[in-house]
1. Do you know which of the residues in region 248-279 that are part of a helix (DSSP H, G or I), under 20 Å from K226 (Cα atoms) and hydrophobic (A, V, I, L, M, F, W, C) is most open to solvent (accessible area, probe 1.4 Å)?
2. If you go through region 222-247 one residue at a time, how many are in a strand (DSSP E or B), in contact with a Phe, Trp or Tyr (Cβ under 6 Å, 6 or more places away or on another chain) and either open to solvent by 70 Å² or more (accessible area, probe 1.4 Å) or within 19 Å of A107 (Cβ to Cβ) (or both)?
3. State whether the residues of region 21-33 include one that is open to solvent by 100 Å² or more (accessible area, probe 1.4 Å), outside any loop (DSSP other than H, G, I, E, B) and at pLDDT 50 or above.
4. Please find, within region 336-346, the residue that is nearest to the ligand (Cβ to nearest atom) out of those that are closer than 17 Å to E91 by Cα and not in a loop (DSSP other than H, G, I, E, B).
5. If you take the residues of region 305-335 that are within 20 Å of F378 (Cβ to Cβ) and basic (K, R), which of them is nearest to the ligand (Cβ to nearest atom)?
Amino acid sequence: MIPWTSHVLVLSAALFLVLSVPGSSKEKFGIEKRPFGKTSGGEAVDLYVLTNRTGMQVSITNYGATIVSVRVPDRTGKVEDVVLGFDTVGEYETGKAYFGATIGRYANRIAGGRFQLVGKTYDLPKNDGPNTLHGGINGFNKRVWAAMQSSGDDHLTVELSYVSRDGEEGFPGNLSAQVIFEMPSDRNELLIRYRAETDKATVVNLTNHSYFNLAGEGNGSILSHKLTIYGGKYTPVDKFLIPTGELRDAHNTPFDFEHEIEIGARINDSDEQLKFGLGYDHNWVLEKKPRADSAELAARLTEPTSGRTLDVLTTEPGLQFYSGNFLDGKMRGKGNKPYEHRSALCLETQHFPDSPNHSTFPSTILQPGKPYRSTTIFRFFAK
Ligand code: GLA
């Protein structure tokens, strides 16, 4: 007969294993491809579920090259999904909030839906008052991308490709775009690599539009999240959220995030820029070391109760911090949860809004024979 002390030992060892390796009881390292339904046009799309060895799981659909979920542990090992999204492809098709999507051909706004390039004027569909937002009516977020998956012992990768035709949504040039999502097997990170090539001069600005709530999606407001942005200037806007062209010093204003501060601390201050954005909806100018060609820290976001922290690193010169001002609780997301006002925020790495109409901003022009390259990393840990 086995003494009762051995039972206790075996039981506690089993309990320790279950508690100490988050998600380990069910989740297996690797990529699982599942059907994600059909678009209204009858195209089948898939969901790629990437599970690493350190408790992180990300799912991505080739509809809109969209991040559907990001599950990461808190400081006790409890895993939650920290991005907003939907359960079905139909909701992504009709949705207007760009949850988790890849944004292109031009992320953010182009004033008057118009720009000039090599002496020609291009007119784009206007989908944001007088302006074009996030690539137009049928941007990259509304397209079905071709997908390829690969994995090795140290990484899991999903590569999505899309060819945007010359004239699509008004933009010149056939643009062949790739978004490569990669998760290391033993670090809680998602790397996003963007690549594009054109056959005619065009403008390109690609980003990912994930909405984060580090307490878990649908789990209250983000106003008590703490944010640091590694840049002391931002691009102030007019009432249509078009940059005036100025790079404004953020110090001693509600836009100063150089030292960690609660998002809600100044969001309701009386400030013209906050009024125009209905909160934060602005582009920060990131600090760059000269000739930096690797991704550098752009922002740090922490949720104090869970300890979950997100570092955003990028090669891009700008970061749009959007505090979820248009969420109003009417839209329901995963599990039919209502997504309330400011219950998530976006940290969109990018070139500055309306760059095609501002010659003093870093250029977004892409020429044939010169590939576009951009990298952003979402790195998670718990404090
Ligand atoms: C961006 C814009 C916001 C808003 C969201 C989507 O972040 O800057 O104004 O349009 O996308 O709702």
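The values are calculated or read from the model by the stated rules, or taken from the named source; none is laboratory data. Since the model is a prediction, treat every value here as computed from it, not as a measurement. Glycine gets a Cβ as well: all are built from the backbone with ideal geometry, and neighbour counts include every protein chain shown. Just the protein is used for accessible areas: all its heavy atoms, side chains included, with ligands, DNA and RNA removed. Shrake-Rupley method; radii C 1.70, N 1.55, O 1.52, S 1.80 Å.
1. Within region 248-279, the subset part of a helix (DSSP H, G or I) is 263-265, 272-277.
Restricting the remaining residues to those that are under 20 Å from K226 (Cα atoms) gives 263-265, 274, 277.
Still in the running and hydrophobic (A, V, I, L, M, F, W, C): 263, 265, 274.
Working: I263: 1, A265: 58, L274: 8 Å².
Going through the qualifying residues, I end up with A265.
2. 4
3. Within region 21-33, the first condition is being open to solvent by 100 Å² or more (accessible area, probe 1.4 Å), and the residues that meet it are 26, 28, 33.
From the residues that got through so far, the ones that are outside any loop (DSSP other than H, G, I, E, B) too are 33.
Restricting the remaining residues to those that are at pLDDT 50 or above gives 33.
There is at least one residue in region 21-33 that is open to solvent by 100 Å² or more (accessible area, probe 1.4 Å), outside any loop (DSSP other than H, G, I, E, B) and at pLDDT 50 or above.
4. Ranking the qualifying residues of region 336-346, first place goes to P338.
5. Among them, the one singled out is K334.
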